[in-house]
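Let me begin by presenting the structure, written as structure tokens, before commenting on it.
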Ligand code: NDP
């Protein structure tokens, strides 16, 4: 039988994890023949640990054939031991009256500690996905704190933005999402990200030409995608969790199993592609194959609008880095 793999999940008693763990244990992330061991990390306080225990009881009650083991932890240096996948979901939410710099600093502390723990005890090939916000900067911090691990194994989640954009375009054209190819979302996982349909196609035709409505693109589509998280909080009274968990599954499954040439969006450390400074964790269109992602290169930024959008989202990322780099 196949050897089980160890998957660490942080913030394991939170909302997103509650929508995520059952799907990992049922084989949706790594396949229906891959057994898994879940190494779950939560804050050490009694309430978080009790909630985690409850989630584990439920997972147990599912009798998932692929779930070979489960562990509850409060110390990343133990939770990340030998882990081949690390899903860093937990992060410090913005409290009432909290300044952005305070939020960044609180998360810098968490992700420095977790990066160091990964460096010390995780599998040398660990694939890391940061979901906890500010996801790109948190991924950058973890990567900088783990110098012995491959840089390219640290990624941030932009897949929810990608999926949201796909759905909006498909709905506008009255076509299934599966027909849309070559969509890109650039930059930071925040309202400054740039969902870019200039290269997208549907059944061989340009999506931009099919829609043929620049005002809709700029005044309806872009703000709808950017404000979708807030719209869901308003409607549901809670932040999106099911769609975030789905995006985690999509991101990891595609990274591990490949995309067969399809473009997807991942936040990954730049090697200078598209003049993004090296190591900035930036949303890029990628293809995946053999457990590796490749940034799609050679796309043109020859219009002012796109150039301006890229500069804005990059400026935000640089300012986030500047706010925390003295803490590393
Ligand atoms: P959620 O599970 O709802 O969210 C977790 C993280 O994911 C947050 O940073 C959140 O960002 C982000 N996120 C949520 N929805 C989306 C989305 N739609 N797209 C992209 N990112 C999203 O938070 P909970 O408060 O329910 O759970 C967090 C858990 O983490 C708690 O149980 C807490 O105890 C734990 N925690 C664990 C730590 C650790 O393991 N060391 C450290 C800190 C917290 P946003 O805030 O912007 O919604």
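What follows draws every value from the coordinates through simple rules; no lab data is involved. Quantities reported herein were computed from a predicted structural model and do not represent experimental measurements. Using ideal geometry, Cβ is built from the backbone for each residue, glycine included, and neighbour counts are taken over all protein chains shown.
Worth pointing out:
- Distance between the range 177-230 and the range 158-176 - C-alpha centres, whole angstrom: 7 Å
- When the chain is treated as a Gaussian network with alpha carbon springs shorter than 10 Å, the biggest mean-square fluctuation among 258, 174, 54 belongs to 174.
- The simple spin-label model puts a point 7 Å past each Cα toward its Cβ; for residue 179 and residue 148 those points are separated by 5.3 nm.
- In nm, spacing of pseudo-spin labels at residue 257 and residue 327 (7 Å Cα→C-beta vector): 3.7 nm
- Rounded FRET efficiency, nearest 0.05, which uses the C-beta distance separating residue 227 from residue 78 and R0 of 51 Å: 0.80
- Spatially, the range 45-61 and the range 231-274 are offset by 26 Å when compared through their Cα centroids.
- Cα long-axis angle, helix 46-61 against the chain (0 to 90 degrees, to the nearest 10): 90 degrees
- Estimated FRET transfer efficiency when R0 is 25 angstrom, pair residue 94-residue 46 (beta carbons, to 0.05): 0.55
- Taking other C-beta atoms within 10 angstrom as a stand-in for reagent exposure, 161, 308, 250 fall in the order 308, 250, 161, fewest first.
- Coarse-grained scattering of the chain at q = 0.10, 0.14, 0.15 Å⁻¹, given as base-10 log I(q)/I(0) from a Debye sum over alpha-carbon atoms: -0.56, -1.12, -1.29
- Rounded if a/c under 1.5, otherwise prolate or oblate - the range 31-147, Cα gyration tensor axes: oblate
- A straight line joining the Cα centroids of the range 104-136 and the range 312-328 runs 16 Å.
- As a proxy for reagent exposure, 216, 263, 255, 186 were ordered by neighbouring Cβ count within 10 angstrom, fewest first; the result is 216, 263, 255, 186.
- Placing a label point 7 Å from the Cα of residue 318 along the Cα-to-Cβ direction, the residues of the range 259-277 whose backbone N falls under 17 Å of that point are 270-277.
- Of all DSSP beta bridges in the chain, antiparallel share, percent nearest 5: 45 percent
- Computed extension gain for residue 273 through residue 203, at 0.36 nm per residue and net of the alpha carbon distance, reaches 22.4 nm.
- Taking the longest Cα principal axis of the chain as reference, the axis of helix 242-257 is set at about 90 degrees.
- Overall, the anisotropy analysis places the range 205-328 in the rounded class: the square-rooted eigenvalues a ≥ b ≥ c of its C-alpha gyration tensor yield a/c less than 1.5.
- Cα gyration tensor shape for the range 68-220, rounded if a/c is under 1.5, else prolate or oblate: prolate
- With respect to the chain, whose longest principal axis is taken over its alpha-carbon atoms, helix 304-324 is tilted by about 30°.
- Sequence of 243, 167 once ranked by neighbouring C-beta atoms within 10 Å, starting from the fewest: 167, 243
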